[in-house]
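S.K.: Pasting in a structure now, in structure tokens, and then I'll have a few things to ask.
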Amino acid sequence: MFSPTDTRPVILTGDRTTGPLHLGHYVGSLKSRVALQHSHQQFLLLADTQALTDNASDPGKVRRNVLEVATDYLAVGIDPALTTICVQSALPALAELTLLYLNFVTVSRLERNPTIKTEIQLRGFERDVPAGFLCYPVSQAADITAFKASVVPVGEDQAPLIEQTNEIVRRLNRQIGRDILVEAAAMVPNVGRLPGVDGKAKMSKSQGNAIPLSASPDEISDAVRRMYTDPDHLRVSDAGKVEGNVVFTYLDAFCEDRQSVDDMRAHYRRGGLGDVTLKRHLEDILQALLAPIRERRARYAAEPDYVMGIVREGTRKARERTEATLKELRSALGLFTLA
């Protein structure tokens, strides 16, 4: 956890608490977080406040999933002795920094953010955009700067949010006359966004195309059987198309034997390799990957008080960190304070 004498780079990442995590989260971020906790001061934010920006009609869903996501973190190998797990809504400095930063960014700039523009279109908000959703980049800037994170793992589509954070950092530092806040670098994973098993969208529980980390052996088998391949690959002897074939996308993401995947890809293209054989190979890989995660998750889920204790202690330490940044920034800006 956080130590004031720790000189390692600070990394902030986390997840909106809208549901248990799935394989898309694992390949996109969780696997790397397990490795990064040994080389960085890592903070994992259970982003329940941001989850409300488009789930305000169902706050119970957001509340229930705080410990669900924390349990997933522990199940994949996040070590609370190395990583600080904290709850966003229990860090009041983040809300105060968000309100402060809103004075340093315009509505038009928020509307031009490519990530926000895309998400608004996907959700069909048009002009009925919740103000909290439009201001999501400012809230994220508050999170990043409060921890003074210099590294933020994000998907390629999220990189504009980091640039907007750095714009706010530069503007405030210029006004203060010295560097109080830290600019952050986006860490984009090598693996792209994992599609759902249907191949039509990103993996999402709400779309019914996700494989959760807690998936049973039967659920894994069913998901692999349903995976989209090449609809024109009718016979084993037919040449198959690899492009858009979800099974190969998953093999690229999860199979460590790169040569075997390349060999199967070539075999499939020239014909003679059936979808059943291909899917059986992928299923074996996923079963082996998820079995220990599922077992660990079941153990942690049976001890909610233990998980709550980890979250409570992590949040306490994170509160010290974020309030120190807020105090430093208020003083540097010359804001009024009660003696």
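S.K.: Under 10 Å, Cα contacts only: if you run a Gaussian network model on the chain, which one of Phe125, Phe43, Phe248 comes out with the highest mean-square fluctuation?
M.R.: Phe125
S.K.: Hey, another quick one. Charges on Cβ only, +1 for Lys and Arg, -1 for Asp and Glu, centred on the Cα centroid of the chain; of Thr106, Leu161, Met227, which one is farthest towards the dipole's positive end?
M.R.: With unit charges placed on the Cβ atoms, the residue in question is Thr106.
S.K.: Hey, another quick one. Could you list log10 I(q)/I(0) for segment 238-281 at q = 0.26, 0.33 Å⁻¹, which the Debye formula gives when each Cα is one point scatterer?
M.R.: For segment 238-281 at q = 0.26, 0.33 Å⁻¹, log10 I(q)/I(0) is -0.96, -1.44.
S.K.: Name the residue from Ser237, Ile85, Thr337 whose Cα lies farthest towards the positive end of the charge dipole of the chain, charges +1 on Cβ of Lys and Arg and -1 on Cβ of Asp and Glu.
M.R.: The one lying farthest along the dipole's positive direction is Thr337.
S.K.: Just subtract the alpha-carbon distance of Ala266 and Gln175 from 0.36 nm times their residue separation and send over the number in nm, one decimal.
M.R.: So the extension gain works out to 26.9 nm.
S.K.: In a GNM of the chain with a 10 Å cut-off on Cα contacts, which of Phe133, Phe147, Phe104 has the highest mean-square fluctuation?
M.R.: Phe104
S.K.: Please list the radius of gyration and Dmax for segment 245-339, considering alpha-carbon atoms only, with Å as the unit.
M.R.: Just the Cα atoms of segment 245-339 yield Rg and Dmax of 25.3, 79 Å.
S.K.: Next question, about the same structure. Out of the total accessible area of the chain (probe 1.4 Å, heavy atoms of protein only), what percent is carbon and sulfur?
M.R.: Heavy-atom surface of the chain belonging to carbon and sulfur, 1.4 Å probe: 52 percent.
S.K.: Right, another one. Quick check on my link table: of Lys31/Lys279; Lys202/Lys317; Lys205/Lys327, which ones sit more than 29 Å apart, alpha carbon to alpha carbon?
M.R.: Flagged as over cut-off: Lys202/Lys317; Lys205/Lys327.
S.K.: Here's another thing I want to ask about it. Just the projected area, averaged over all directions, of the convex hull on the alpha carbon atoms of the chain: how many nm²?
M.R.: 19.3
S.K.: DSSP loop trypsin sites (Lys or Arg not before Pro) in segment 155-222 with at most 15 other Cβ atoms within 10 Å of their Cβ, which ones?
M.R.: Of the trypsin sites (Lys or Arg not before Pro), the ones in loops of segment 155-222 whose Cβ has at most 15 other Cβ atoms within 10 Å are Arg178, Arg193, Lys200.
S.K.: For the chain, what proportion of DSSP beta bridges, expressed in % and rounded to the nearest 5, is antiparallel?
M.R.: Within the chain, antiparallel bridges account for around 10 percent of the total.
S.K.: Taking each pair of distinct Cα atoms in segment 214-297 once, what is the resulting Kirkwood hydrodynamic radius in Å?
M.R.: Hydrodynamic radius (Kirkwood, Cα pairs) of segment 214-297 is 13.3 Å.
S.K.: Now for a different question. Calculated from DSSP H runs of 4 or more alone, at -39500 (n - 2.57) each and per residue, what is the 222 nm mean residue ellipticity of the chain, nearest 500?
M.R.: About -16000 deg cm²/dmol.
S.K.: Sort out the exposed loop GluC sites (Glu not before Pro) in the chain (DSSP loop, at most 10 other Cβ within 10 Å) and tell me the longest stretch that has none.
M.R.: By the stated rule (loop sites, at most 10 other Cβ atoms within 10 Å), 1-125.
The values are calculated or read from the model by the stated rules, or taken from the named source; none is laboratory data. As the structure is a prediction and not an experimental result, all values here were calculated from the model. Positions of Cβ are generated from backbone atoms using ideal geometry, with glycine treated the same way; all protein chains shown enter the neighbour counts. Accessible surface is based on the protein model in full, side chains and every heavy atom, while ligands, DNA and RNA are left aside. Shrake-Rupley method; radii C 1.70, N 1.55, O 1.52, S 1.80 Å.
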